[in-house]
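The values are calculated or read from the model by the stated rules, or taken from the named source; none is laboratory data. Just so we're clear, the structure is a prediction, and the values are computed from it rather than from any experiment. Here Cβ is always computed from backbone atoms with ideal geometry, including for glycine, and neighbour counts include all displayed protein chains. Ligands, DNA and RNA are stripped out before the accessible areas are found, and what is left, the full protein with its side chains, is counted by its heavy atoms. Shrake-Rupley method; radii C 1.70, N 1.55, O 1.52, S 1.80 Å.
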Amino acid sequence: MVNLKNIVETTLVPHTAFEDATQRLEQCFTYADGASEPICIAIVGESRTGKSRALEECFTRHPKARNSEGLTVPILRVKTPSKPTVKGLAELMLRAMNDPKFDTGTENAKTLRLQTLMHNTGTTMVMIDEFQHFYDKGSHKVMHHVADWLKILVDDSKVALVVAGLPTCRAVLDQNEQLAGRFLSPVFMPRFNWRDDDQREEFIGILGAFQDSIGAAFDLPRLDGPEMAFRCYCGTGGLIGYLTKFLRQAIWNALDANTKTIGLPGLLRAHDQAVWAKDGLVSLPSPFAKGFSTTPTDDLIARIKRIGTPSDELPAPVQRRRRAPGVPGIQAVLSAS
Ligand SMILES: Nc1ncnc2c1ncn2[C@@H]1O[C@H](COP(=O)(O)OP(=O)(O)OP(=O)(O)O)[C@@H](O)[C@H]1O
Ligand SMILES: [Mg+2]
């Protein structure tokens, strides 16, 4: 029996980029064993495009297990701390390997212990999420010491290395030729672009998948219908993570109201509660408002593409478009109670 409150989380959409990413991770995992040099791959994409979910998918296919021969940890997965150091990263890795003394010993002792544990537990792949933290945006410097340590660790252990991060993480590879030389070409997780036929289809396909899972339990306007699909695109900027966040909110609201019906007003409220609109986006109309024009103009699409980007990268506000009377702007919607 499906737990309705988790219906969004339990829906995994195998869209093309996601399938590509997981398939390449699987390939690295399979062929890492016995490879003469480490296989390294990066998953790169804007925030909320599904990088961590792709790592998780591969990680859960090869879980830790305890059998008569002891513990096996096929994949060691960690998130880079915000200011990575060798000590910090090694401790995180030791902890992920269930080492009770993860914080004791010198840098070298920790590294040796980690290598021994990886060897003894049959670790084949190391996953490092939030890899952009290896690059300090403020000083534009790569944390070379920890990047070199990582290179030596995977060289010595002959494991596959997967890193995932925001596009800035490419600077780590661009500035470290030894690491770069070990990496295959990266996998890009996209934000879907309405103007690109294939990507639009892909996004509508994702909406269809959520329609199938949510629609089995709730009565809601068809998400992948022509108008609703565009509204969903405008409400999420083509980012799957914004879509899941907003749909999850709509479901929570329906469950709290003890109803199985989610109408356009319900979607409007959920979007208002779930998707954070920044001051710089004041001129964005609310895509779930009744009078929202579902004509994809260039101006509208250009603004929608900025959803989810850091506010300091936002362009100067574009001239405010005239709104139809009675149609609230996003700011009015966001401040509505
Ligand atoms: N293929 C998918 N099917 C269903 N849900 C997905 C899929 N990909 C991502 N999601 C959901 O979208 C949300 C964002 O995904 P995820 O956390 O993987 O993004 P991310 O790229 O790692 O973002 P960040 O850079 O901010 O860490 C999560 O709730 C995740 O479960
Ligand atoms: Mg992530």
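For the reader, a short list of remarks on this structure follows.
- Share of carbon and sulfur in the accessible heavy-atom surface of region 16-189 [1.4 Å probe, %]: 50
- Within the chain, helix-based [θ] at 222 nm, where runs of 4 or more DSSP H residues each add -39,500 (n - 2.57), nearest 500: -13500 deg cm²/dmol
- All Cα-Cα distances of region 16-189, cut into 5 Å bins from zero to the largest, leave 1, 9, 18, 22, 22, 16, 8, 3, 1, 0 percent in each bin in turn.
- 14 Å beta-carbon shell around GLY215, net charge (K/R +1, D/E -1): -1
- Length gained when the stretch THR168-SER68 is fully extended (0.36 nm per residue, less Cα-Cα span): 31.6 nm
- Bridge type composition, the chain - antiparallel percent by DSSP, nearest 5: 25
- All Cα pairs of region 179-221, percent lying beyond 17 Å: 55
- Applying 1/(1 + (r/R0)^6) with r as the Cβ-Cβ distance of LYS290 and GLN175 and R0 = 41 angstrom yields a FRET efficiency of 0.20.
- Linear extension gain, ASP198 paired with ALA109, 0.36 nm per residue minus alpha-carbon span: 26.9 nm
- Unsatisfied cross-links (Cα-Cα over 20 Å) in the set LYS5/LYS305; LYS64/LYS87; LYS110/LYS158: LYS5/LYS305; LYS64/LYS87
- Counting only alpha carbon atoms, the long axis of helix 240-256 and the longest principal axis of the chain meet at about 60°.
- Peptide packing: for 144-151, 100-107, the average count of neighbouring Cβ atoms within 10 Å per residue gives the ranking 144-151, 100-107, highest mean first.
- Counting charges near GLU56 (Lys, Arg +1; Asp, Glu -1) among other residues having Cβ under 12 Å from its Cβ returns a value of +2.
- Angle between the chain longest axis and helix 197-215 axis [Cα atoms, degrees, rounded to 10]: 80
- Based on protein heavy atoms only, the chain ends up with 50 Å² per residue of surface accessible to a 1.4 Å probe.
- Region 1-31 residues near the modelled LEU255 label - backbone nitrogen below 15 Å, point 7 Å along Cα→Cβ: 1-11
- Nearest 10 degrees, 0 to 90: helix 144-157 Cα axis against the chain principal axis: 60
- Within-10-Å neighbourhood charge of THR236 [Cβ basis; K, R +1; D, E -1]: +4
- In terms of its C-alpha gyration tensor, region 24-64 comes out oblate, because a/c is 1.5 or above while a/b does not outweigh b/c.
- In terms of overall dimensions, the chain has a Cα radius of gyration and Dmax of 22.7, 72 angstrom.
- When DSSP beta bridges are restricted to pairs lying wholly in region 16-189, around 20% turn out antiparallel.
- Across all C-alpha atoms in region 205-259, the radius of gyration and Dmax reach 10.9, 30 Å.
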